[in-house]
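**Student:** This is the structure I want to talk about, given as structure tokens.
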Amino acid sequence: MNTPRPEQPPIIWLNVLVFALTFAIAAIGVPWYAVTEGFQTSTLVAAILATAFCGFSITAGYHRLWSHRAYEAHPLVRGLFAIGGAFALQNSILHWSSDHRVHHQHVDDNDRDPYSAKRGFWYAHIGWMLREYQASRYHDYRNVRDLQRDPIVVWQHRHYLKLVLLTNFGIPALFGVLSGDLLGSLLLVGFLRLVVSHHVTFFINSLAHMWGRQPYSDENTAKDNALVALLTYGEGYHNYHHAFQFDYRNAIRWWQFDPTKWMIRSMKALGLAWNLKTCPEERVARAVLKQQMKTARQRLEHKRLPNAEELLQRLQQEYEQLLQRLQDYYEVKKAWIEAKRERWNESVERSALSQRYRQMKASFREQQRAWQQLRLQVA
Ligand SMILES: [Zn+2]
Ligand SMILES: [Zn+2]
């Protein structure tokens, strides 16, 4: 006998239709037009630029600026992001940020996280928007009171539908008329751009919570993944992001792909962004060490080696020693940076500090090497 399925919340037909129709038109219309008519280069370029405009409005605007307040920005920038977000058709800033703050606060909680990855790929990617799963909090904006003080956020929320229609039909149509290829522009700049920017953002809720490494914390499902970062304007370093959500960077190494961070930095250079928040290096290093210790201990328990007890003791000792050297190193580093900034003339003191800084750095590095070797034994 079949067990009755638990009652599902009602389907949100508008969302289902928008996602299904835009996807179908892009998937069928674009290849058909490419074969029968061919797209102009200018239309392709416009589609790429429009996709980037939508993408950055979400990552740099909706996400890092408004949801996390990781920096502050000029009204011109905020206005552009507000228009780009409506163009990306991802609900108003207020609604998106409210959902996103709940996501961080209750990450992986199937009842409270709006797009909990523990409910599976489909649900986290798009399923959560297709039924009224959390109808009770659709108009509950208590966790975004601060954003309601931003007149641009309020303006966008109030005129959201008009802005959606104006941007999504107006921009592709205007470009189509100017370039002389209206249908080509509607297909590429209109539909394909929308579908791509939708799914790229959705990957941050699905893929970035399922596929990758967890160097900073395994307390939740968020992962760091270079490939996902490549698709999502740098948001794929999601493990770092969940560990230090107020940081305007998602990737902290120079070689990691985080164009959203580069864009925010460029805006700062132009005087369009300020108050960029970062997590102190020392705190990040401590989190990495703590996670390494946790993983090493788990592996050791799992492997059941005959000398497990002794190895665990050594791990603990090396870990504590490393933490001590880390603290010493960052203390002297801080003093060294301050000295470089302020006390150029006190040369004797400066050179002593410089020497101490180099010593501490070397001894920290040495201890790090010992720690890595020990971790390899456990791995
Ligand atoms: Zn997340
Ligand atoms: Zn976030």
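The values are calculated or read from the model by the stated rules, or taken from the named source; none is laboratory data. A quick note: this is a predicted structure, and the numbers were derived from the prediction, not measured. Virtual Cβ from ideal backbone geometry, glycine too; neighbours counted across all protein chains shown. To get the accessible areas, we keep the full protein, side chains included, count just its heavy atoms, and leave off ligands, DNA and RNA. Shrake-Rupley method; radii C 1.70, N 1.55, O 1.52, S 1.80 Å.
**Student:** Say whether the condition of being closer than 30 Å to residue 113 by Cβ, among the charged types (D, E, K, R) and within 16 Å of ligand 2 (Cβ to nearest atom) is met by at least one residue in the stretch 188-208.
**Tutor:** Taking the stretch 188-208 as the starting set, the residues that turn out to be closer than 30 Å to residue 113 by Cβ are 193-208.
Among the residues that remain, those that are also among the charged types (D, E, K, R) are: 193.
Remaining after also requiring within 16 Å of ligand 2 (Cβ to nearest atom): none.
No: the stretch 188-208 contains no residue that is closer than 30 Å to residue 113 by Cβ, among the charged types (D, E, K, R) and within 16 Å of ligand 2 (Cβ to nearest atom).
**Student:** Looking at residue 119 and the list (1) free of Cβ contacts under 8 Å to residues at least 24 places away in the same chain; (2) touching a Leu at 6+ places or on another chain (Cβ under 9 Å), which single condition is not satisfied?
**Tutor:** (2)
**Student:** Are any of the residues in the stretch 211-232 away from ligand 2 (no atom under 15 Å from the Cβ), open to solvent by less than 10 Å² (accessible area, probe 1.4 Å) and under 23 Å from residue 102 (Cα atoms)?
**Tutor:** no
**Student:** Another question, then. Could you count how many residues in the stretch 208-235 are in contact (Cβ under 8 Å) with a residue 12 or more places away in the chain and over 19 Å from residue 259 (Cα atoms)?
**Tutor:** 13
**Student:** List every residue pair whose Cβ atoms lie under 8 Å apart, where the two residues are 6 or more positions apart in sequence or sit on different chains, the first residue falls within the stretch 33-45 and is open to solvent by less than 80 Å² (accessible area, probe 1.4 Å), and the second residue, located anywhere, is hydroxyl-bearing (Ser, Thr, Tyr).
**Tutor:** Qualifying pairs under 8 Å: 39/33; 40/179; 42/179; 43/179; 43/185.
**Student:** Among the residues of the stretch 55-64, write down those that are farther than 12 Å from residue 267 by Cα and either open to solvent by 20 Å² or more (accessible area, probe 1.4 Å) or touching a residue at least 60 places away in the same chain (Cβ under 8 Å) (or both).
**Tutor:** Within the stretch 55-64, 55, 56, 58, 59, 63, 64 qualify.
**Student:** In this structure, is residue 257 within 16 Å of ligand 1 (Cβ to nearest atom) and in the same structural domain as residue 197 (by TED's automatic domain parsing)?
**Tutor:** no
**Student:** May I ask you to list the residues in the stretch 103-127 that are within 16 Å of ligand 2 (Cβ to nearest atom) and under 25 Å from residue 195 (Cα atoms)?
**Tutor:** Answer for the stretch 103-127, where residues must be within 16 Å of ligand 2 (Cβ to nearest atom) and under 25 Å from residue 195 (Cα atoms): 103, 113, 114, 115, 116, 117, 124.
**Student:** Return only the number of the condition from (1) surrounded by 12 or more Cβ atoms within 10 Å (Cβ to Cβ); (2) out of contact with any helix residue (DSSP H, G or I) (no Cβ under 8 Å at 6 or more places or on another chain) that residue 376 does not satisfy.
**Tutor:** The one condition residue 376 does not meet is (1).
**Student:** Here are some residues: 112, 101. Which one is basic (Lys, Arg), open to solvent by 30 Å² or more (accessible area, probe 1.4 Å) and part of a helix (DSSP H, G or I)?
**Tutor:** Result: 101 is the single residue among 112, 101 that is basic (Lys, Arg), open to solvent by 30 Å² or more (accessible area, probe 1.4 Å) and part of a helix (DSSP H, G or I).
**Student:** When only residues in the stretch 65-98 that are within 15 Å of ligand 2 (Cβ to nearest atom) and either part of a loop (DSSP other than H, G, I, E, B) or not assigned by TED's automatic domain parsing to the domain that holds residue 192 (or both) count, which is surrounded by the fewest Cβ atoms within 10 Å (Cβ to Cβ)?
**Tutor:** So the residue we want is 69.
**Student:** Let me ask you something else. Suppose we keep only residues that are open to solvent by less than 20 Å² (accessible area, probe 1.4 Å) and in a helix (DSSP H, G or I) within the stretch 124-152. Which one would you say is nearest to residue 17 (Cα to Cα)?
**Tutor:** So, considering only residues that are open to solvent by less than 20 Å² (accessible area, probe 1.4 Å) and in a helix (DSSP H, G or I), the one nearest to residue 17 (Cα to Cα) is 127.
**Student:** Next question, about the same structure. Which of (1) charged (D, E, K, R); (2) modelled with pLDDT under 85; (3) under 29 Å from the mean Cα position of the chain (by Cα) does residue 283 not meet, given it meets every other one?
**Tutor:** Going through (1) charged (D, E, K, R); (2) modelled with pLDDT under 85; (3) under 29 Å from the mean Cα position of the chain (by Cα) one by one, residue 283 breaks only (2).
**Student:** I need the full set of residues from the stretch 317-360 which are more than 33 Å from the chain's Cα centre (by Cα), within 19 Å of residue 371 (Cβ to Cβ) and either surrounded by fewer than 16 Cβ atoms within 10 Å (Cβ to Cβ) or touching a residue at least 40 places away in the same chain (Cβ under 8 Å) (or both), in order please.
**Tutor:** The answer is 317, 318, 321, 359.
**Student:** When you scan the stretch 221-228, do you find a residue that is in contact with a Gly (Cβ under 6 Å, 6 or more places away or on another chain) and part of a loop (DSSP other than H, G, I, E, B), even just one?
**Tutor:** Within the stretch 221-228, one or more residues are in contact with a Gly (Cβ under 6 Å, 6 or more places away or on another chain) and part of a loop (DSSP other than H, G, I, E, B).
**Student:** Checking the conditions here, which among 253, 265 is farther than 16 Å from residue 73 by Cα, open to solvent by 50 Å² or more (accessible area, probe 1.4 Å) and either out of contact with any Pro (no Cβ under 9 Å at 6 or more places or on another chain) or outside any strand (DSSP E or B) (or both)?
**Tutor:** Criteria check complete, one pass: 253.
**Student:** Could you check the stretch 293-308 and list, in sequence order, the residues that are free of Cβ contacts under 8 Å to residues at least 24 places away in the same chain and open to solvent by 100 Å² or more (accessible area, probe 1.4 Å)?
**Tutor:** Scanning the stretch 293-308 gives 301, 302, 304, 306.
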